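Contents: one structure, followed by commentary.
Coordinate-derived values only; no laboratory data. The model shown is predicted, which means the values in this text are computed figures rather than measured ones. Virtual Cβ from ideal backbone geometry, glycine too; neighbours counted across all protein chains shown.
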Amino acid sequence: MKVLMYSTRSYDKISFRKELGNYSNIEIKFTESQLNLTTVEMAKGFDAICIFVNDHCTTEVVAKLHEFGVKKILCRCVGTNNVDVNEAVHRGLGVYNVPAYSPESVAEHALALLMTVNRHTHKAYNRVRDNNFSLTGLSGYCLYGKTVGIIGYGKIGKAFAHICRGLGMRVIGYDPMIKSDMSFTIVDDVFFYSTPEGVFANADVISLHVPLLDSTKHMINKETISKMKDGVILINVSRGGLIDTEALIEANKKGKFFGIGLDVYEGEDDNVFTNHEDDILMNCITSRLTSFPNVVVTSHQAFLTDVALEQIAKKTLDNCIGKQ
Ligand code: NAD
């Protein structure tokens, strides 16, 4: 089985090469190129392609893959929102993902962002390096006893709830899968509202753990932001499209948020996993977000741990050989 791996970075090579010894009939060619309508040409002669979140597997790209005889699209991530799955299925290509890999790793990054924006460690780090030992502006919330609202109680949301309980936080949530005849229900010590509004109104910290679907796009928008407490902290390690960024920026300019931690954001595709330090960024959203002192942006790195990389490599290679 010949596989072309798009958007490869050094850590992918290391984790996949470590596992490849156990899969004698798979041969991988690594390329740093991102999959798009131009680079799809590179897939000629391969049985499968392996892609990541920033690759563009559009309708036209899928048609080309089919024309080249590619049989499998192996997503080495949870989400398949960057693949035209219907078109792939229609053309007989299999689309595979890694449904779960170390949800704790992603949840721990949500915690890292929360701790950073709350205690201003991004500012403190730079101040001390400049021999500025002033504490002005570094005051944060004591999270013990505060309320965290978890939107989406799947694998990662659960892992994040577990962490927050460890901090002594009160955990509330909303997930349409958790149904109740009443306006709330309690599961795993988490107080679930029957609508997201209950979470927006009561949470000091809101963390998003839902997939990007038509129904969840811009679920955080001008209207829902207005329902949140003033001084709320918002964390998003799921998908950028969950938040209407223009609305977020407008609200932050008016002082709505104590802090915002984003591992994902709209328009990240041209940035993620790429060193643009010598370039002038054309994406104004990125520049605007990073200009706020109370916003911390990381570049889609929540998954990046030893355990997650190992699990991703194993599951992707299993998908390649059709092993369940
Ligand atoms: P999951 O499928 O286990 O859980 C998602 C939950 O969201 C489900 O319980 C579902 O019922 C719920 N949900 C769906 N629509 C909702 C809505 N409108 N409101 C509230 N809840 C809703 O998924 P997961 O493994 O927990 O992953 C969540 C997301 O995290 C993924 O879809 C992916 O986009 C993102 N992710 C990001 C990274 C990263 O590196 N930043 C890594 C892995 C996953």
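Structure values in brief
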{"item": "Region 1-93, relative contact order in percent, only Cα pairs under 8 angstrom and at least six apart counted", "result": "30"}
{"item": "For VAL232, residues with placed amide H under 5 Å, excluding near neighbours", "result": "PHE258"}
{"item": "Rounded to 10°, Cα long-axis angle of helix 10-20 versus longest principal axis of the chain", "result": "60"}
{"item": "Integer Hz, Karplus 6.51/-1.76/1.60 couplings in order for region 122-137, x for Gly and Pro", "result": "5, 7, 4, 4, 5, 4, 5, 5, 9, 6, 9, 9, 6, 9, 4, x"}
{"item": "Region 243-251 - phi-based ³J(HN,Hα) in whole Hz, Karplus 6.51/-1.76/1.60, Gly and Pro as x", "result": "10, 6, 5, 4, 5, 4, 5, 4, 5"}
{"item": "FRET efficiency, VAL187 to LEU213 (Cβ-Cβ, R0 25 Å, nearest 0.05)", "result": "0.65"}
{"item": "Rounded, prolate or oblate (a/c below 1.5 giving rounded, otherwise prolate when a/b exceeds b/c) for region 207-299 by Cα gyration tensor", "result": "oblate"}
{"item": "Given charges at Cβ of Lys, Arg, Asp, Glu: the chain dipole, positive-most of GLY322, ILE186, THR245", "result": "ILE186"}
{"item": "For a label point 7 Å along the Cα-to-beta-carbon line of GLU60, residues of region 86-124 with backbone N under 17 Å", "result": "87-88"}
{"item": "Rounded to 5, percent antiparallel among DSSP beta bridges of the chain", "result": "10"}
{"item": "The chain - mean residue ellipticity at 222 nm from DSSP helices (-39,500 (n - 2.57) per run, n ≥ 4, rounded to 500)", "result": "-10000 deg cm²/dmol"}
{"item": "Residue-wise HN-Hα coupling along region 262-271, computed from phi with Karplus coefficients 6.51, -1.76, 1.60 (Hz; x: Gly, Pro)", "result": "10, 8, 9, 7, 4, x, 6, 3, 6, 9"}
{"item": "Cα gyration tensor shape for region 262-307, rounded if a/c is under 1.5, else prolate or oblate", "result": "oblate"}
{"item": "In region 159-242, trypsin sites (Lys or Arg not before Pro) in a DSSP loop with at most 11 other beta-carbon atoms within 10 Å", "result": "LYS179"}
{"item": "Among GLY92, GLY137, GLY173: highest mean-square fluctuation, GNM of the chain, C-alpha pairs under 10 Å", "result": "GLY137"}
{"item": "Sparse-neighbourhood loop sites, trypsin sites (Lys or Arg not before Pro) in region 293-324 - DSSP loop, at most 10 other Cβ within 10 angstrom", "result": "LYS323"}
{"item": "Relative pair counts by distance (%), Cα atoms of the chain, 10 Å bins", "result": "5, 24, 31, 24, 13, 3, 0"}
{"item": "Whole-angstrom gap from region 257-281 to region 1-15, using each part's C-alpha centre", "result": "23"}
{"item": "Potential extension, VAL89-MET115 segment - 0.36 nm per residue separation minus Cα distance", "result": "5.1 nm"}
